[in-house]
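Q: After the structure tokens below, expect a handful of questions from me.
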Amino acid sequence: MWCVPQCLKPGMATSSGKTNTKSQNVNVNVKAIVTIEQSNGGLLLNLINSAVDGIKELAGKTLVLELVSDELDPKTNLERKTIKGNARKTEEKENEVLYEATFELAAEFGKVGAVLVENEQHNEIFLKSIVFDGFPDGPVHLTCDSWVQPMHDNPVKRVFFTDKSYLCSQTPSGLRRLREEELKLLRGNGEGERKSSDRIYDYGVYNDLGDPGSNIDLKRPILGGSKQYPYPRRCRTGREHSDSDPSYEKRSSSFYVPRDETFSEVKQSQFTKTTISSGVSAVLESLDAILTDQNLGFRSFEDIDTIYKEGFKLSPLKENGLNFLQRVIPRLIKAANDSQNLLRFDTPETVKRDRFFWFSDEEFARETLAGVNPYSIQLVKEWPLRSKLESQIYGPPESAITREVIQPHIIGYGTIEEAIKEKKLYMLDYHDLLLPYVSKVREIKDTTLYGSRTLFFLTEQGTLKPLAIELTRPPMDGKPQWKQVFTPASHSTNLWLWRLAKAHVLAHDAGVHELINHWLRTHAVMEPFVVATNRQLSSMHPIYKLLHPHLRYTLAINSLAREILINANGIIEKSFSPNKYSMELSSVAYDQLWQFDLQALPNDLIYRGMAVVDPNAPHGLKLTIEDYPFANDGLLIWDSIKQWVTDYVNHYYPTPSIIESDQELQAWWTEIRTVGHGDKSEEPWWPNLKTPKDLIDTITTIAWTASAHHAAVNFTQYTYGGYFPNRPNIVRTKIPTEDPSKEEWETFLNNPEQTLLECFPSQIQATTMMVVFNILSYHSPDEEYIGQYLKPSWTEDPTVKAAYEKFNGRLKEIEGIIDSRNADCNMKNRHGVGVVPYEQMKPFSGPGITGKGIPYSVSI
């Protein structure tokens, strides 16, 4: 029985709208506690707005709540009359403001299923939660985490549903209309330019990377919407079109992100718009002043070391810029004294352990399995190696890596065929992907490119040994195809040529890693999932609640990338070998290489030949390289995510018929395939969505991509790329043996070290990416890691809560397993003198550059 209040406060809202002065058994007295996050706006603006809101507070009208019953009136079959009340400020904390409102509910009102909110204040507010106390069944929770605009800007009342999850067919009758109308609002009408306060999710193509209106040299292909340049869709902005070419959007300082997708004010992330846009720009502005020659390289390796020991003395920055930089990138800016300010980089962990680690062929090979890009190594399945490109355009398809080159080095195997049969040969193959861009890239000053293959042999110790590197230039400038194989050597000249060949391959690997395995396969492909989830799945839907943590902030970070990283003449183009063709290359990779089903870790490993199906092996797979740290640990994480998703999905979808009849779910999956990834909509590999298994596999793949895949390729970027000789992001000169003049060859012979230094990135290119890698690799203090905290909506159902607690427990066990693996001296790919332990798949982390931790989403 509901509690009967002893007395009712004057002015208390009732279902009839009248003041009730008598206690009645049919009424219940409830209190709403509203939590609003404090804004960090400017002081003067806050003072003015606080004064305005204070006047409204005295009038009792700053925040209006309207309670919605979850059931229709059985007599009229219409929605019950809502109950309205004003919330008053009761407490102000450092980061929060609390409001309270009291309501008297008649028995026939039923349960509160939603709340309509009106913000009568001067500014938008960030509404964190609403909790109702006083119900006989316990508190009713509404987790909001949303910006609410002032009514004078947007008169539409905001609706928030309780934390309880409902499939479409289970929606309480009193909430059906609101559920449908909220989704319509989020979809918008596809017209007009989006405002920063909008909450509209729609699709657009990448027609804002170039800027032909300001400079024709900044024209870039439009990615998405064509057979020539297929691409995932981005979130539509609706900006004005370019006067010079109406197929492009005008670039501006405003890159729309739906309001609830923007970074939270309390998020102390190093990769906010302010940090990366203003902070990096300020650093580069100062470096530009110091490094007047943009192509100036490093004169010696000692000069490189001074970046970490002494740093750059920054020139004076505008408008107290130094203090700003110290605030947003405190790790990089050191104030030596009142007159000297330094940009000094932290020494990466790899260099701390072994200053010359990057020279090692063993480390070169090990990083293909346990470095920042463990997604490219693949098994050699056929011999001889051949290109699939048109020979009339790119020259003879046969590889220069011949039997005679390799066979003497495959110890214990008489023939290459035997070694291939025993799965002993592996390869980094960037030949056919890069070769079509060689002649284009070489038209750009101070950069070069090759197609490349790098061959490795799996030793008896379970480590990879590099055997050969092949560099290829296609026919160009009236010259025939050129190709050459380089092998490890002890002779001085050949040793330096090998080091130069490694630098070229590492630059190729760095470009493929950043543009494809990082940007394309996590950031870009996830954006359509974010848009479709918000357009087609109600916030009440259990799959929305399951996916939401994995999608948060993705649109914000991606819009920031379009603004300063992947745009024409942006940081990526200036700093990586493909240069102005960088994003075009990622489109080619999307077209030729990306399949949704292959983003599942087990399928990816099988596709690359790094695993075979074995029902008797752990995870149902047998790795072809037993000590493959990324795969070993990644499969633990994959299985734990899949088990959590399995428990969750089976709870809500016990039979296939429920999945097939779920209109929101089917609309979501259809829109992802036909619109968000519409350029690949006809591909046969898209999974159906008919059974619980289909849904489990699909959700697990999405969750893995956003969390563990991204973590594997992101958070050790500074560890391995912070000392750029280990992973040069760009190579600027051709290898000395390619059609050398007599003078070029003699220069190399006389000073091979200088040739290597000249091939490395320029000072501005190296330091730019070191700043970016540092920010990208940094965990903020309030990072949210998978399985760490129970989301409020998951506590509503005991079965879901128990499944999540099991997930959390398993992840803690995995941390211990990884620690024990790193301590095993038999695992040479993760243990040894100078070796950084492989911790990328450890679920949790503290703040900073730790090389571990798996956040829910691609939020940086």
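Q: Name the residues in the stretch 818-844 that are surrounded by 14 or more Cβ atoms within 10 Å (Cβ to Cβ) and either in contact with a Leu (Cβ under 8 Å, 6 or more places away or on another chain) or assigned to a helix (DSSP H, G or I) (or both), would you?
A: Start the filter on the stretch 818-844 by keeping residues that are surrounded by 14 or more Cβ atoms within 10 Å (Cβ to Cβ), which leaves 818, 821-822, 827-832, 834-844.
The answer is 818, 821, 822, 829, 841, 843, 844.
Q: Let me ask something additional. So which residues in the stretch 428-454 are surrounded by 17 or more Cβ atoms within 10 Å (Cβ to Cβ) and among the hydrophobic types (A, V, I, L, M, F, W, C)?
A: Correct list: 428, 433, 434, 435, 438, 441, 449.
Q: May I ask you to say which residue of 713, 675 is touching a His at 6+ places or on another chain (Cβ under 6 Å) and either of a type in the set (A, V, I, L, M, F, W, C) or assigned to a helix (DSSP H, G or I) (or both)? First the steps, then the outcome.
A: Details: 675 fails: touching a His at 6+ places or on another chain (Cβ under 6 Å).
Every option except 713 fails the conditions.
Q: Can you find, within the stretch 780-802, the residue that is modelled with the lowest pLDDT among those that are open to solvent by 10 Å² or more (accessible area, probe 1.4 Å) and among the small types (Gly, Ala, Ser)? Spell out how you get there, then give the answer.
A: Of the residues in the stretch 780-802, the ones open to solvent by 10 Å² or more (accessible area, probe 1.4 Å) are 781-784, 788-793, 795-799, 801-802.
With the extra rule that they be among the small types (Gly, Ala, Ser), the set shrinks to 793, 802.
Working: 793: 92, 802: 98.
The selected residue is 793.
Q: Taking residue 620 as meeting all but one of (1) in contact with a strand residue (DSSP E or B) (Cβ under 7 Å, 6 or more places away or on another chain); (2) open to solvent by less than 50 Å² (accessible area, probe 1.4 Å); (3) over 30 Å from residue 421 (Cα atoms), write down the number of the exception.
A: Just one mismatch for residue 620, condition (3).
Q: What pairs can you find where one residue is in the stretch 125-145 and within 14 Å of residue 67 (Cα to Cα), the other is of a type in the set (D, E, K, R) and open to solvent by less than 20 Å² (accessible area, probe 1.4 Å), and their Cβ atoms are less than 6 Å apart, with a gap of 6+ or different chains?
A: Once the first residue is within 14 Å of residue 67 (Cα to Cα) and sits in the stretch 125-145, its partners that are of a type in the set (D, E, K, R) and open to solvent by less than 20 Å² (accessible area, probe 1.4 Å) give 141/163.
Q: Another question, then. Which members of the stretch 463-492 meet the condition of being over 22 Å from residue 379 (Cα atoms) and without any contact (Cβ under 8 Å) to a residue 60 or more places away in the chain?
A: Once the filter is applied, which keeps residues that are over 22 Å from residue 379 (Cα atoms) and without any contact (Cβ under 8 Å) to a residue 60 or more places away in the chain, the stretch 463-492 yields 476, 477, 478, 489, 490, 491.
Q: Would you confirm whether or not the stretch 166-176 contains a residue that is within 23 Å of residue 118 (Cβ to Cβ), of a type outside the set (Lys, Arg), modelled with pLDDT of 95 or more and not in a loop (DSSP other than H, G, I, E, B)?
A: Yes, the conditions are met somewhere in the stretch 166-176.
Q: If I filter the stretch 753-761 for residues that are open to solvent by 10 Å² or more (accessible area, probe 1.4 Å), at pLDDT 95 or above, of a type outside the set (D, E, K, R) and in the same structural domain as residue 506 (by the TED database), do I get at least one hit? Give the derivation first.
A: Let us first name the residues in the stretch 753-761 that are open to solvent by 10 Å² or more (accessible area, probe 1.4 Å), namely 753-755, 758.
Next cut, at pLDDT 95 or above only: 753-755, 758.
Add one more test, that the residue is of a type outside the set (D, E, K, R), and what stays is 754-755.
From what's left, in the same structural domain as residue 506 (by the TED database): 754-755.
The answer is yes; a qualifying residue exists.
Q: Let me ask you something else. Which condition number does residue 369 fail, the rest of (1) under 18 Å from residue 840 (Cβ atoms); (2) not in a helix (DSSP H, G or I) being met?
A: The single condition residue 369 does not satisfy is (2).
Q: Considering only the stretch 662-710, state which residues are more than 22 Å from residue 858 (Cα to Cα), β-branched (Val, Ile, Thr) and crowded, with 20+ Cβ neighbours inside 10 Å.
A: None; the set is empty.
Q: Here is a list: 543, 557. Which entry is hydrophobic (A, V, I, L, M, F, W, C), assigned to a helix (DSSP H, G or I) and over 14 Å from the mean Cα position of the chain (by Cα)?
A: Numbers: 557 fails: over 14 Å from the mean Cα position of the chain (by Cα).
None of the other options fit; the residue is 543.
Q: Further, regarding this structure: Quick check on the stretch 170-221: of everything there that is basic (Lys, Arg) and open to solvent by 60 Å² or more (accessible area, probe 1.4 Å), which residue is farthest from residue 109 (Cα to Cα)?
A: Initial filter on the stretch 170-221 (basic (Lys, Arg)): 176-177, 179, 184, 187, 194-195, 199, 219-220.
Then keep just the ones that are open to solvent by 60 Å² or more (accessible area, probe 1.4 Å); that gives 176-177, 184, 187, 195, 219.
Values: 176: 17, 177: 18, 184: 27, 187: 31, 195: 38, 219: 61 Å.
The qualifying residue farthest from residue 109 (Cα to Cα) is 219.
Q: Could you count how many residues in the stretch 120-141 are in contact with a strand residue (DSSP E or B) (Cβ under 8 Å, 6 or more places away or on another chain) and farther than 24 Å from residue 257 by Cβ?
A: To start, the set of residues in the stretch 120-141 that are in contact with a strand residue (DSSP E or B) (Cβ under 8 Å, 6 or more places away or on another chain) comprises 120-136, 139-141.
Subset that is farther than 24 Å from residue 257 by Cβ: 120, 130-136, 139-141.
Adding up the residues that qualify gives 11.
Q: Follow-up. Given the criteria open to solvent by less than 50 Å² (accessible area, probe 1.4 Å) and within 23 Å of the chain's Cα centre (by Cα), does residue 858 qualify? Give the derivation first.
A: Values: open to solvent by less than 50 Å² (accessible area, probe 1.4 Å): yes; within 23 Å of the chain's Cα centre (by Cα): yes.
Here the answer is yes, as residue 858 does meet what is asked.
Q: Before we move on, is residue 489 open to solvent by 10 Å² or more (accessible area, probe 1.4 Å) and at pLDDT below 95? Before the answer, list the steps.
A: Numbers: open to solvent by 10 Å² or more (accessible area, probe 1.4 Å): yes; at pLDDT below 95: yes.
Yes.
Q: Does residue 495 satisfy the condition of being open to solvent by 10 Å² or more (accessible area, probe 1.4 Å) and modelled with pLDDT of 95 or more? Full working, then the answer.
A: Values: open to solvent by 10 Å² or more (accessible area, probe 1.4 Å): yes; modelled with pLDDT of 95 or more: yes.
Taking the combined requirement at face value, the residue satisfies it.
Q: Also, I was wondering about something else. Restricting attention to the stretch 643-659, and to residues there that are closer than 17 Å to residue 787 by Cα and out of contact with any Ser or Thr (no Cβ under 6 Å at 6 or more places or on another chain), which single residue is most open to solvent (accessible area, probe 1.4 Å)? Break it down into steps so the answer makes sense when it comes.
A: To start, the set of residues in the stretch 643-659 that are closer than 17 Å to residue 787 by Cα comprises 643-649.
Pick out the ones that are also out of contact with any Ser or Thr (no Cβ under 6 Å at 6 or more places or on another chain) and you get 643-644, 646-649.
On the way: 643: 85, 644: 14, 646: 31, 647: 41, 648: 2, 649: 1 Å².
Top of the filtered list is 643.
Q: In this structure, is residue 767 part of a helix (DSSP H, G or I) and either touching a Ser or Thr at 6+ places or on another chain (Cβ under 6 Å) or open to solvent by less than 10 Å² (accessible area, probe 1.4 Å) (or both)?
A: On the way: part of a helix (DSSP H, G or I): yes; either touching a Ser or Thr at 6+ places or on another chain (Cβ under 6 Å) or open to solvent by less than 10 Å² (accessible area, probe 1.4 Å) (or both): yes.
Here the answer is yes, as residue 767 does meet what is asked.
Q: Go through (1) in contact (Cβ under 8 Å) with a residue 12 or more places away in the chain; (2) in a loop (DSSP other than H, G, I, E, B); (3) under 28 Å from residue 546 (Cβ atoms); (4) hydroxyl-bearing (Ser, Thr, Tyr) for residue 789 and report which single condition fails.
A: (1)
Q: Based on this model, can you work out whether residue 229 counts as touching a Ser or Thr at 6+ places or on another chain (Cβ under 8 Å) and either of a type outside the set (Phe, Trp, Tyr) or not in a strand (DSSP E or B) (or both)?
A: Working: touching a Ser or Thr at 6+ places or on another chain (Cβ under 8 Å): yes; either of a type outside the set (Phe, Trp, Tyr) or not in a strand (DSSP E or B) (or both): yes.
Against the criterion (touching a Ser or Thr at 6+ places or on another chain (Cβ under 8 Å) and either of a type outside the set (Phe, Trp, Tyr) or not in a strand (DSSP E or B) (or both)), residue 229 qualifies.
The rows are residues; the columns are (1) in contact (Cβ under 8 Å) with a residue 12 or more places away in the chain; (2) of a type outside the set (A, V, I, L, M, F, W, C).
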| site | (1), (2) |
| --- | --- |
| 443 | no, yes |
| 457 | yes, no |
| 461 | yes, yes |
| 494 | no, yes |
| 508 | yes, yes |
| 511 | yes, yes |
| 515 | yes, no |
| 526 | yes, no |
| 551 | yes, no |
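The values are calculated or read from the model by the stated rules, or taken from the named source; none is laboratory data. None of the values given here were measured: they were computed from a predicted structure. Methodologically, a virtual Cβ is constructed for each residue, glycine included, from the backbone with ideal geometry; neighbour enumeration extends over all protein chains shown. Just the protein is used for accessible areas: all its heavy atoms, side chains included, with ligands, DNA and RNA removed. Shrake-Rupley method; radii C 1.70, N 1.55, O 1.52, S 1.80 Å.
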